[in-house]
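Here, each number is a calculation from the coordinates, and none is a lab measurement. Only a predicted model underlies this, so the values are computations on that prediction, with no experimental measurement involved. Here the Cβ positions follow ideal geometry from the backbone for every residue, glycine too, while neighbour counts run over all protein chains shown.
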Amino acid sequence: MENNFCPNCGTPISNKNSNFCPNCGTPLRPTQNAMSNLASSIEKIPRHDNNHTSNINTHDITNMLLNRFWKKYSFNGCDIYLWNKDRKSNEKIRSAINHYANIDSCSGEVPIACFDDTVSGNASDGALISSHGVYVHNMDEEIHFLPYRDITGVRYKPGIFTKEIFLTRSICIKFSAVLEVNVRAFAEMIVECKRNFGDGFTI
């Protein structure tokens, strides 16, 4: 899947062969060798580092994870969207940012994926995964932001009408009318992001 927008500044990319954003210079299409080297380097990041300080650029890790998620997951027909997959996905994620996810782009925070739990489709409720943590806004509840170091586990709880992913004992993401396979995929993405951006664990 080719990038349509820069993952850093959101600038539209008209040349599908561009390797870097013409506005901010962010890498757009890392080579296979670069991704292999990056993956090898990521394994060496100290997992106790919760301040996102390492010799690996946050945007490089984000690009690597997005490339992995684009290939692994197909969310067609459901309300889960990956950053830079297509124009609709980016519009959904920008709407979630405007409503509840206070992305701090000045510190290098980048959106990765979001879940839209609204009937209207305006993404004002749901959850957003970023390079710094997970934003949660269930309908009629307060907004939560959990940096990866504060996520104590990722536990799926099935239900007939509402499925849940618990990130702590009391904070969960609520999914309405979403297939179990897609809810579990969203949970897997959180685990992958915590492993690479936070202190690491597996389900």
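Annotation: extensible slack from GLU142 through ARG87 equals 16.9 nm (criterion: 0.36 nm per residue apart, minus Cα-Cα distance). Checking the a/c ratio against 1.5 first, then a/b against b/c, what shape does the Cα gyration tensor give for the range 92-203? It is oblate, given that a/c is not under 1.5 and a/b is not larger than b/c. For the range 139-191, the square roots of the Cα gyration tensor eigenvalues, ordered a ≥ b ≥ c, give a/c of at least 1.5 with a/b no greater than b/c, which places it in the oblate category.
Cβ crowding within 10 Å, taken as a proxy for footprinting-reagent exposure, orders MET139, MET189 from fewest neighbours to most as MET139, MET189.
Each peptide in 146-158, 59-71 receives the mean, over its residues, of other Cβ atoms within 10 Å, and ordering these scores from highest gives 59-71, 146-158. Proximity of backbone amide H atoms, modeled 1.01 Å from N, is registered between GLU109 and ASP104 at under 5 Å, excluding neighbours fewer than 5 places apart on the same chain.
Within the range 160-180, what residues put their amide N at less than 16 Å from the label point 7 Å along the Cα-to-Cβ vector of ASN122? Correct set: none at all. For the listed peptides 83-93, 128-138, 97-107, a ranking on the average number of other beta carbons within 10 Å per residue, highest first, reads 128-138, 83-93, 97-107. Counting alpha carbon pairs within less than 8 Å and at least 6 residues apart, what relative contact order, in whole percent, applies to the range 86-169? Reported as a whole number, the value is 19 percent. Placing a label point 7 Å from the Cα of ASN102 along the Cα-to-Cβ direction, the residues of the range 139-156 with a backbone N closer than 15 Å are 142-147.
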